[in-house]
Amino acid sequence: MKKLIPFFLLFPIAVLAQKEIKPSISKAETALQKGNLDDAKAIIDATVSNQEYMVDKKGNPSKNAAKAWYLKGMIYAGIDTTKNIKFKSLDANPFPAASEAFVKSEEIDKGKNESLVNMLYQGLPLPVKKDQVARTYAQAYLDRGYKTYQAKDYKNAFIDIEKVVYFLPTDSTQLMNAGVYFGPAAGEEDKAIAYIKRYQAAGGKNGDALLQLYTIYTRRADNIKKAGKAKDKDKAKGKDQYDALRDTAYMRQINAALEVAKELTSKHPNNIDYLNLEYNIYTQTNRLPEAKALMEKRASADPNDKDSRYFLGLICNEMKDIDGAKLWMGEALKIDPDYFDANLVLAKLTYADAQKVRNDRNAISGSKPDDLKRRQELYLKIPVMLKASLPYWEKCVAVNSADQDGLYGLLSIYNDLSLTDESYNAKITELKKKMKALGLDVD
């Protein structure tokens, strides 16, 4: 927000003589113009509390009532923003009185007047518009709020930014400040959400607003999850109800986060980070078909996106679609043959295939010719499958020579292959030497 020029200057303090203070809008206005907030407060308090002055003979607000309340709002806001210690001591918490007075003034004026007061400019009293008054006080609170925020006093900084928004209720910049930055920093998540929604309603389109909403909802979901279910040993009445309410609360926050993520991906379909936010929720809540569909969209959008293909492989694996997992991992390796994670998954999947064949062979206990024939077929098949898995393990170690998964997996497959091919013994010895040098436990 642009720096605003104050509409009045503070002048040396004048001391009124001790006498009865009578209602007078003009005197209250003059005291405010001169910066004499103590005098102004005393006069305006006497004015607005005087029933005869504020109400006409018909019981309606008097012709000066709107101005009187407006002046009270300005005077109390001035006390709230002044740096003068004497004036600050006039009221410990002047803002509620200021905001109430502005509201009462507008209820009476109903927007009929652009200006209700005069302020001194180069010694001359000139009308000052309500909008300028609002922006001037907003600037004062904003300046103080920024300084307080930078000092990491987030609670008081948020108090000031709320006052800024009070004076500028549709200013998207300040609504974003309150909802995206000041509110969350102060731990005011409910208010932050409300301000972000107001920011969006005011036409705000900054992606940080949606990201902050996503963060708030997911953090709340995580906190609910960390709270845990009622302990089994606690047989107190209501345990099951507690768990049900907890699960419902968790899903409410997760679904809210999901809606935000969907909005982000719909507005920014090519933004990988936003797609990942939606993907993360699907995987956390075991919505694998949705996760797969989203990642397929990402993969089709970029033929060189190896990560989307890797994630598709993981999803297929979770869905017990092993062929699909191998396919997508292979697609990732076509883009980057040295992709460690994809190599490791394929190494484990293909090694598991070989292990299954071994288990199937061991499960044949009969001695009939067909049984013996089948055992021999499977016996010959095992080394072939191990050798099909071997390149992935070797690639893992070549890419990351210190990774334990890769090293132990390669040692395991060397040991299996050595049962039918003694040439692997030398490789086993060399690999063990390397692993010991890394401090790994090998026999």
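The values are calculated or read from the model by the stated rules, or taken from the named source; none is laboratory data. Note that the coordinates shown come from a computational prediction; the quantities given were computed from them, not determined experimentally. When we count neighbours, we look across all protein chains shown, and the Cβ atoms used for this are built from the backbone with ideal geometry, even at glycine. SASA here: full protein model, heavy atoms, side chains in, ligands and nucleic acids out. Shrake-Rupley method; radii C 1.70, N 1.55, O 1.52, S 1.80 Å.
Scanning region 252-271 for residues that are over 17 Å from the mean Cα position of the chain (by Cα) and assigned to a helix (DSSP H, G or I) yields S266, K267. Screening K356 with (1) assigned to a helix (DSSP H, G or I); (2) under 33 Å from the mean Cα position of the chain (by Cα); (3) more than 17 Å from P391 (Cβ to Cβ) gives one miss only, at (2).
Of all residues in region 359-398, those being open to solvent by less than 60 Å² (accessible area, probe 1.4 Å), β-branched (V, I, T) and assigned to a helix (DSSP H, G or I) number 2.
Among the residues making up region 2-31, those that are closer than 20 Å to K88 by Cβ, at pLDDT below 95 and not aromatic (F, W, Y) are P6, L9, L10, P12, I13, A14, V15, L16. Name the single residue, out of those in region 295-351 being among the basic types (K, R) and in a helix (DSSP H, G or I), that is nearest to the chain's Cα centre (by Cα). Taking the candidates together, the pick is R298.
Checking the stated criteria, A342 turns out not to satisfy the condition of being without any contact (Cβ under 8 Å) to a residue 24 or more places away in the chain and either among the small types (G, A, S) or exposed (fewer than 15 other Cβ atoms within 10 Å of the Cβ) (or both).
Within region 125-150, residues that are open to solvent by 40 Å² or more (accessible area, probe 1.4 Å) sit with their Cβ atoms under 6 Å from residues that are assigned to a helix (DSSP H, G or I) and aliphatic (A, V, I, L, M), at 6+ positions apart or across chains, in these pairs: Y149/A157. Residues considered: L277, L312. Of these, the only one that is at pLDDT 95 or above and either surrounded by fewer than 17 Cβ atoms within 10 Å (Cβ to Cβ) or of a type outside the set (S, T, Y) (or both) is L312.
In the set (1) modelled with pLDDT under 95; (2) surrounded by 17 or more Cβ atoms within 10 Å (Cβ to Cβ); (3) among the acidic types (D, E), the condition left unmet by E331 is number (1). The set of residues in region 21-38 being open to solvent by less than 20 Å² (accessible area, probe 1.4 Å) and either hydroxyl-bearing (S, T, Y) or farther than 24 Å from R135 by Cα (or both) consists of S24 alone.
Have a look at K197, K191 and point out the one that is more than 8 Å from the chain's Cα centre (by Cα), at pLDDT 95 or above and buried (at least 17 other Cβ atoms within 10 Å of the Cβ). When all the criteria are applied, what remains is K191.
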